[in-house]
């Protein structure tokens, strides 16, 4: 749990996995986790492929890891895959979540505020946390 | 890039290129002090080798399986063994082979070599790590020299070095090792000298032996010791060893032998020699600006300095177990002596003591006498546990010595292949399991007997006699401080369960042990075949004793439990139910003071789980300890009862496979164990039955639950968990 929190707090980017009619697709996104770690917030342009994919199928995954492109990563790096459902953040919550997001990514302010930007959240149902290359623990979020 | 350099090409600032030992040798050489004609294979060569063979990722993976704090000594052995095997099997880059061949044709032609380590930081910065890395003497020819070089490189990652990884600054990305290539100076007398005596810095300590000093350095031969006054060279003290021996080269192998009688009574150094050694250590101290710890030899009347490093505080005895751990690494001679002692003195003595303790009729003792008897048995048990750690565990090193030798010769893909040659004689627990299966097969074939046992009745006279014989021979086994076969109802349940299935694993038939042994011996060069045979014999004895000593120890534990159980029985209704059999003190106190009120123990509280999350294991990493893949339902063993609930085809999950619980192993489809290492009992017994086995899984018993579906991957050391 501590490893997961550390990963989600220290890493700026995650790899978002979506699909369209069985065709897999991944994209790098800036994200922030809510304090309870149950949601991962990210933003994307309205015309992107990932948004099109998510509009058709909201199921998605996000990989967050701390590798440094060294041989030792195989054992020293940790990774967490979040699996869940993506939805757009409604007006009521937008201000609060935007503040959280911009505290981590201040340089993305104009991007987030652009009219063509959609602010999304991945509601996580399970995290799969991998350490030491192959040690895998699942953290299921109780409904 | 020049990969091999001579002392003349080295300056004081070359530490990062050639390591501290070589820099020191070059400085001595420049000062006109006699040192061997040393060549150095630089650190660039190591880097070229590991880079080309992709070994950094291998090391990183091996070291990263689990945190060091969680690793037992046996696991460290395994990690080092696997890394070493990868080094041995990796090809040496052509550029290195060419340079080495040229050197062996040139400066070092006709020489038998000493091949040693020289790591940056190894002998400096306030800490000396003498003996952590391997060295080889008597090496000749390109092939053997390359083997020795790979051995020295791999020894950067020995278990001994890994223990001191923080102090040594060992790091996968940046650690490297240079290699010293020297003509072996076969001195008639050799030794070491400390520029500052550990007890009085005004004194200099000198130790000396006849022959090579390797015997002194690895502790096989006891030296003569002198304390000398630094200024006057006066001998303050001289201690002679009980027996003077010497180490010499016989063929390629350093061998310990007795001295001719005219030398045996004469110290290896006279006054003039002592003065010369004293002067050399003082000169070296002045040269390096501090007292030196120096190795030297006297050859053809000339004193030659083999190496010099700063005297530092000992790296052992820091209140941790590292000193004990280092003591596990022993020479062949030392282990042969130890084997003799264990086989012919210690195990028989343990047996005698167990028999003597077992002859006491507990029922006839008064409560006070029984309390005394519990304490007596417990003291005997504790004493033997100590012997176990001091003498029995170190003997396991014999298995490893053989393994290293075998891997050097055969370069096998599976670093544990050598184990196949060790199980030439049956293990006690395999014998017990065979007897158990014999009983079970009678139950399997006889429906009436099955019915009677299920109904809690006795079998026929013949069967009951066989059960009694079994209990007589093995009935005193204990697990988790409870005796295994004392309850007939449990034994019946086990036999019925075994009788229900024919899926009982049999010990693997090994018709090829002798063939394999012969193939191995044939692959050994002739001048080392004698050593190979001795190591194989030692390895086999170590392997067998690793099993037997546990069983003998368990017999003593069972005797303690007998006495405690008798205490419990007598305390009866007045006794607090919460007490465990291991609460010896409380039982003896209560026997002596019947009115004592005992506070119940507080149950252990596990770690809190963060709210809103449920943690489930998916894949747990341990050490591969028995090759194969098996899938089955988990049976987590916490007490004796769990053992008797074991069903054929389940996966045995436990804290540590105790020799006394191995009767369920033949029914298992895999073994998962928290304790790690391939020399531990679980791994040995799983290999014996050809079962997949993963050891050293830190969360095995806490994360896995009964009923989980487990896949045990004994090749990779991974356990995959599926929970519905």
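Please treat every number below as a calculation from the coordinates, not as lab data. This one's a predicted model, so the numbers in the text were calculated from it and none came from an experiment. Here the Cβ positions follow ideal geometry from the backbone for every residue, glycine too, while neighbour counts run over all protein chains shown.
Could you work out the equivalent-ellipsoid semi-axes for chain B, taking the square root of 5 times each eigenvalue of the Cα gyration tensor, largest first, in whole Å? Before the final figure, lay out the partial values.
Values: eigenvalues 561, 184, 121 Å².
That gives 53, 30, 25 Å for the three semi-axes.
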Order of B:197, B:431, B:344 - criterion: other Cβ atoms within 10 Å of each residue's Cβ, fewest first:
B:344, B:431, B:197
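Taking only C-alpha pairs under 8 Å that are 6+ residues apart, what is the relative contact order of the stretch B:669-724 in percent?
Working: 90 pairs, mean separation 18.7, N = 56.
Value for the stretch B:669-724: 33 percent.
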Here the residues of the stretch A:86-117 lying in the modelled label zone of residue A:27, meaning backbone nitrogen under 20 Å from a point 7 Å along Cα-to-Cβ, are A:86-90, A:98, A:101-102, A:105-117
Whole-number value, in Å³ per residue, for the convex hull of the alpha carbons of the stretch B:619-722 is 72 Å³
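Taking Cα pairs under 8 Å and at least six residues apart, what relative contact order does the stretch B:189-315 come out at, in percent? The partial results should precede the final answer.
On the way: 249 pairs, mean separation 32.8, N = 127.
Once normalised by length, the contact order is 26 percent.
As a test of the formula, what do you get for chain B when each DSSP H run with n ≥ 4 contributes -39,500 (n - 2.57) and the sum is divided by the residue count, at 222 nm and rounded to the nearest 500 deg cm²/dmol? Don't skip to the answer; put the middle values down first.
Values: 27 runs with 307 residues, N = 724.
Taken over chain B, the calculation gives -13000 deg cm²/dmol.
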Spin-label model distance (nm) - residue A:99 vs residue B:706, 7 Å beyond Cα toward Cβ:
5.2 nm
So if I take the alpha carbon set of the stretch A:33-137, get Rg, then get Rh from the Kirkwood formula, what is the Rg over Rh ratio?
1.02
Förster radius 35 Å - calculated FRET efficiency between residue B:70 and residue A:59, Cβ distance, rounded to 0.05:
0.40
Tilt of helix A:91-104 relative to the longest C-alpha principal axis of chain A, in degrees (0 to 90, nearest 10)?
50 degrees
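Per 0.36 nm of contour for each residue apart, how much would the distance between residue B:469 and residue B:568 grow if the chain were fully extended, relative to their Cα-Cα spacing?
Values: separation 99, 0.36 × 99 = 35.64 nm, distance 2.71 nm.
Net length gain for the segment: 32.9 nm.
Translational diffusion coefficient, Stokes-Einstein: compute it for the protein assembly as shown using the Kirkwood radius over C-alpha pairs as Rh, at 10 °C and 1.306 mPa s, and state it as an integer in µm² s⁻¹. Can you show the working numbers first?
On the way: Rh = 31.5 Å.
Roughly 50 µm²/s, to the nearest whole number.
Can you figure out the FRET efficiency of residue B:173 with residue B:271, using R₀ = 56 Å and their beta-carbon distance, to the nearest 0.05? Can you show the working numbers first?
Values: r = 52 Å, r/R0 = 0.93.
Computed FRET efficiency for residue B:173 and residue B:271: 0.60.
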May I ask for the angle, rounded to the nearest 10°, between helix B:94-105 and the longest principal axis of chain B, with both axes built from Cα atoms and the value confined to 0 to 90°?
50 degrees
Tell me the label-point distance for the pair residue B:487, residue B:344, using the 7 Å Cα-to-Cβ offset, in nm and rounded to one decimal.
4.5 nm
Taking the beta-carbon count within 10 Å as an exposure proxy, list B:2, A:104 from fewest neighbours to most.
B:2, A:104
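Multiplying the sequence separation of residue B:52 and residue B:202 by 0.36 nm and subtracting their Cα-Cα distance, what value in nm do you get?
Difference between extended and current length: 48.9 nm.
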Would you order B:296, B:73 from fewest to most other beta-carbon atoms within 10 Å of each residue's own beta-carbon?
B:73, B:296
Residue B:513 versus residue B:243, label points 7 Å from Cα toward the beta carbon: distance in nm?
3.2 nm
Give the calculated FRET efficiency between residue B:30 and residue B:526 to the nearest 0.05, with a Förster radius of 56 Å applied to their Cβ-Cβ distance.
0.85
In degrees from 0 to 90, rounded to the nearest 10, what is the angle of the helix B:488-499 Cα long axis to the longest principal axis of chain B?
80 degrees
Computed over the stretch B:4-183: relative contact order in percent, which uses C-alpha pairs under 8 Å that are six or more apart
33 percent
